[in-house]
Amino acid sequence: MTSVSRTAGSTIDPVPELRTRWAATVAAARGTRRSAAPGGSPAPDPAPYAEDLLSRWSEPQRRYHTVAHLAAVLDRIDELAEHADDVPVVQLAAWFHDAVYRPDRSENEERSAALAERALPELGVGAARTAEVARLVRLTVTHDPAPDDPDGEVLCDADLAVLAGSPDAYAAYAASVRDEYAFVPDADFAAGRSAVLRQLLALPRLFRTPQGYDRWEHLARRNLATELDLLSGGG
């Protein structure tokens, strides 16, 4: 992958930078709004919300969906920002897209979107932007944005960019995903993971932004096909 600054297993602690980025993103998303509650009460300090989110992203059941993944997605959004209509909204969606994550549950995206719908109005983010953040979070179920959805394209491309890592980086990513599903027997994991890989490979394009497609499409497809072959006993 081109210009990857954060990978699975990175020893760089992204949390201090993430705190700073969160404060800047909330400020940008608030725009000119100065209150978060009926009656004009001041918008709350965003810092405790950052700590809550970072705590969620640091839960012990996570091996791939960690603060390092969050930081990497935000980095990729920076690279693709020119394609987005509303960068702060896409950034907020990144913060919330795996905020609720249990590998044994199927409703993670819905619960993450609902968390955004509760937290963002409290923070002084307007109703339209809150709804858009929640919509983008739900879009990560399929990673299949519509052609007229540039913000969805940026978020999905940023989230999937890990698929275009170097062979070593991709192997580390795949191993961390397997670790998150350590409770699943090998045969069942192979079947489920293979279905996910086939679904991704069946998409006409994995990456919808021009920049993402040019940088990552070929490498990602090669990595996905290699993993699928290994899971099928071909290597």
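The values are calculated or read from the model by the stated rules, or taken from the named source; none is laboratory data. If you're wondering where the values come from, they're calculated on a predicted model, not measured in any experiment. Using ideal geometry, Cβ is built from the backbone for each residue, glycine included, and neighbour counts are taken over all protein chains shown. Ligands, DNA and RNA are excluded from the accessible area calculation, which covers all protein heavy atoms including side chains. Shrake-Rupley method; radii C 1.70, N 1.55, O 1.52, S 1.80 Å.
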Task: Computed over region 50-98: relative contact order in percent, which uses C-alpha pairs under 8 Å that are six or more apart - done: 37
TODO: Just order 43-53, 153-163, 135-145 by mean Cβ neighbour count inside 10 Å, highest at the front, would you?
DONE: 153-163, 135-145, 43-53
Open item on the list: Please compute the contact order of region 156-235 in relative form: average sequence separation of alpha-carbon pairs under 8 Å and at least six residues apart, divided by the residue count, as a percent.
Closed with: 46
Open item on the list: Debye calculation, C-alpha points only, no solvent: report log10 I(q)/I(0) for the chain at q = 0.11, 0.12, 0.15, 0.18 Å⁻¹, in the same order as the q values.
Closed with: -0.55, -0.66, -1.02, -1.46
TODO: Compare 12, 77 by solvent-accessible area with a 1.4 Å probe and give them largest first, with all protein chains kept in place.
DONE: 12, 77
- [ ] Convert each backbone phi in region 89-100 into a coupling constant with the Karplus relation 6.51 cos²θ - 1.76 cosθ + 1.60 (shift: θ = phi - 60°), then list the ³J(HN,Hα) values in order as whole Hz, x for Gly and Pro.
- [x] 5, 5, 5, 4, 4, 4, 4, 9, 5, 10, 4, 9
Task: Estimated vicinal HN-Hα couplings, Hz - region 178-189 in sequence order (Karplus 6.51, -1.76, 1.60; Gly, Pro = x) - done: 4, 4, 5, 10, 4, 6, 9, x, 3, 5, 5, 5
TODO: Using a 1.4 angstrom probe on heavy atoms only, work out the carbon and sulfur share of the accessible area of the chain in %.
DONE: 55
Open item on the list: As a test of the formula, what do you get for the chain when each DSSP H run with n ≥ 4 contributes -39,500 (n - 2.57) and the sum is divided by the residue count, at 222 nm and rounded to the nearest 500 deg cm²/dmol?
Closed with: -19500 deg cm²/dmol
TODO: Give me the distance in nm between label points sitting 7 Å out from Cα along the Cα-to-Cβ direction at residue 168 and residue 225, one decimal.
DONE: 2.5
TODO: In whole Hz, with x marking every Gly and Pro, tabulate ³J(HN,Hα) for region 19-25 from phi via Karplus 6.51 cos²θ - 1.76 cosθ + 1.60, θ = phi - 60°.
DONE: 4, 5, 5, 4, 4, 5, 5
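I need the peptides 66-76, 89-99 ranked by packing, meaning the mean over residues of other C-beta atoms within 10 angstrom, with the highest value on top. Write down the numbers at each step before the final one.
Values: 66-76: 22.7, 89-99: 26.6.
Ranking, from highest mean packing down: 89-99, 66-76.
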- [ ] Just add up the charged neighbours of residue 217: K/R +1, D/E -1, any other residue whose Cβ is under 11 Å from the Cβ of residue 217.
- [x] +3
- [ ] Averaging sequence separations of C-alpha pairs under 8 Å and six or more residues apart, then dividing by the length of the chain, give the relative contact order as a whole percent.
- [x] 23
- [ ] Among 124, 165, 31, determine the one that fluctuates most according to a GNM of the chain built with springs between C-alpha atoms less than 10 Å apart.
- [x] 31
TODO: Could you state the accessible area per residue of the chain in Å², with a 1.4 Å probe and every protein chain left in place?
DONE: 46
Task: Estimated distance in nm for a label pair at residue 144 and residue 45, the labels positioned 7 Å out from Cα along Cα-to-Cβ - done: 4.5
Task: Gap separating the Cα centres of region 136-176 and region 97-114, nearest whole Å - done: 16
Task: With all protein chains modelled, accessible area of residue 58 [1.4 Å, Å²] - done: 70
Open item on the list: What does the net charge come to around residue 138 if you take all other residues with beta carbon closer than 9 Å to its beta carbon, with K and R at +1 and D and E at -1?
Closed with: -1
